[in-house]
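Below is one structure; the comments refer to it alone.
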Amino acid sequence: MRFQAAVLRSYEDPFAVEEVALRTEPAAGELLVEIAGCGMCRTDLAVRRSAGSSPLPAVLGHEGSGVVVRSGGGPDNAISVGDHVVLSFDSCGHCQNCRGAAPAYCDSFASLNLFGGRGEGAPRLTDADGRALAPRWFGQSSFAEYALVSARNAVRVDTKLPVEMLGPLGCGFLTGAGAVLNTFSAGPGDSLVVLGAGAVGLAAVMAATAAGALTVAVDRHPRRLALAERFGAIPLLAGTAGLAERIRRLTDGGARYALDTTASAPLVNEGLRALRPTGSLGLVARLHDPLPLEPGTLDRGRSIRHICEGDAVPGLLIPLLTRLWQAGRFPFDQLIRTYPLTDINEAERDCEAGRVVKPVLLPAGRSR
Ligand SMILES: [Zn+2]
Ligand SMILES: [Zn+2]
């Protein structure tokens, strides 16, 4: 079958929306999904800075959602044609961490999601001239009208929900909300400082507010801080003198948790100093430089760790987040701006410039 997709051919070129061809039917354990919408995430854009490690040409996009149009069946495939699904990250299902309900730490996470797919033989996705495209990105490649996915990374959702808006629940919003609800298990009486109020940080703010925790949000953009405040956080401008001391005063002696989405060493050090004894800081951004910690920042039982995909089991967290949205307690739709897939380069520019928190691309024929 042939359909439109956004192809990235080099690290420097804009995306090209063009016809691609998919060579095979879904195998057992696979689904063909008609994409209704796909969020743009920082990890898509980071491919440009991957210095050769991400294979190109490729169809990126890993926050897809849509309707199942064909199923390859299979013993562990409980999803049927007509089901609405949110696509998340892929995992193998049989390594120790997958069996331990920690699929974000799957032994094969990098190969399945970033560098090669499931080892399928012949390339399945090609350009219109038959030249191979990189194996599917995050088990999906959803900047396209259709995606052939592993049933394991598809989560069925209520057909009454606006399916085209739900894709970011599969990665960006899952990461922020999962850090708060899974990693920290934050609840009433807890306090959280969020460093960086982008898509991940604002999802963390919403989840913390929904959980009854006190949140302080730190960012250098006043517009983002205004959003954080709307979702229940106390806003603080990054670079303010005595930032850690101010957070400690606002949180009755120090925050119990901190979530860093910036990978900025000065902010991470401030975040650690803002913690109460035994408090913990989670890092979600990929570090590109060494992270020097100042003396004393880990004293008195404070800890720091990396958090991948919000420690989520997507099949559990995504339905929880849609229920919170329906109850008006996780208003993620307010962070989204939609673009036709053909405007993907404009969406990227707006994202890089901070003009939009979460672009969602709508393939042709879909509009709101
Ligand atoms: Zn695994
Ligand atoms: Zn992502």
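Brief remarks on what is shown
- Computed E for HIS306/ARG223 - FRET, C-beta separation, R0 35 angstrom, nearest 0.05: 0.80
- Loop-located trypsin sites (Lys or Arg not before Pro) in the stretch 140-213 (DSSP state not H, G, I, E or B) with no more than 12 neighbouring Cβ atoms inside 10 Å: LYS160.
- On the principal axes of its alpha-carbon atoms, the stretch 77-160 has extents of 43, 35, 18 Å, going from largest to smallest.
- Calculated P(r) tail over 12 Å for the stretch 1-53, as whole % of Cα pairs: 76 percent
- Pairwise Cα distances in the stretch 48-194 exceed 21 Å in 50 percent of cases.
- With 5 Å bins from 0: P(r) over the stretch 174-309, alpha-carbon pairs, percent: 2, 12, 24, 27, 22, 10, 2, 0
- Choice from ALA244, ALA208, ALA199 with maximal GNM fluctuation in the chain (Cα, 10 Å cutoff): ALA244
- Length available on full extension from GLN96 to GLN334: 0.36 nm per residue minus the Cα-Cα distance, which gives 81.9 nm.
- Cα centroid separation - the stretch 140-183 against the stretch 24-61, whole Å: 13 Å
- Percent of Cα pairs exceeding the 35 Å cut-off, where the set is the chain: 22 percent
- In this label model, SER50 and ALA16 are separated by 1.9 nm, measuring between points 7 Å along each Cα→Cβ vector.
- Selection among LEU361, GLY253, THR338 by position relative to the dipole of the chain gives GLY253 as farthest towards the positive end (Cβ unit charges, Cα centre).
- The stretch 287-367: C-alpha gyration tensor shape, a/c 1.5 cut-off, then a/b vs b/c: oblate
- Net dipole in debye of the stretch 174-309 [+1 Lys, Arg Cβ; -1 Asp, Glu Cβ; about Cα centre; nearest 20]: 160 debye
- Each Lys and Arg Cβ is given +1 and each Asp and Glu Cβ -1; about its Cα centre, the chain then shows a dipole of about 840 debye.
- Ranking of SER71, SER142, SER50, SER91 by count of other Cβ atoms within 10 Å, fewest first: SER50, SER71, SER91, SER142
- Here the Gaussian network model covers the chain, with springs between Cα atoms less than 10 Å apart; of THR43, THR215, THR240, THR240 fluctuates the most.
- Simple spin-label estimate for GLU294 and THR278 gives 2.6 nm between the two label positions (7 Å along the Cα-to-Cβ direction from each Cα).
- Listed residues GLN96, VAL157, LEU283: farthest to the positive end of the dipole of the chain (Cβ charges): LEU283
- Where both bridge residues fall in the chain, DSSP classifies roughly 55% of the beta bridges as antiparallel.
- Per-selection Rg to Rh, the stretch 223-368 - Cα, Kirkwood hydrodynamic radius: 1.02
- In the chain, the calculated helix contribution to ellipticity at 222 nm averages -6000 deg cm²/dmol per residue, counting -39,500 (n - 2.57) for every DSSP H run with n ≥ 4.
- Structure remark: mean-square fluctuation, Gaussian network model of the chain, C-alpha springs under 10 Å; the largest value among VAL193, VAL313, VAL85 belongs to VAL313.
A short reminder: the numbers here are calculations on the coordinates, not readings from a lab. Just so you know, these numbers come straight off a predicted model, no measurement behind them. Methodologically, a virtual Cβ is constructed for each residue, glycine included, from the backbone with ideal geometry; neighbour enumeration extends over all protein chains shown.
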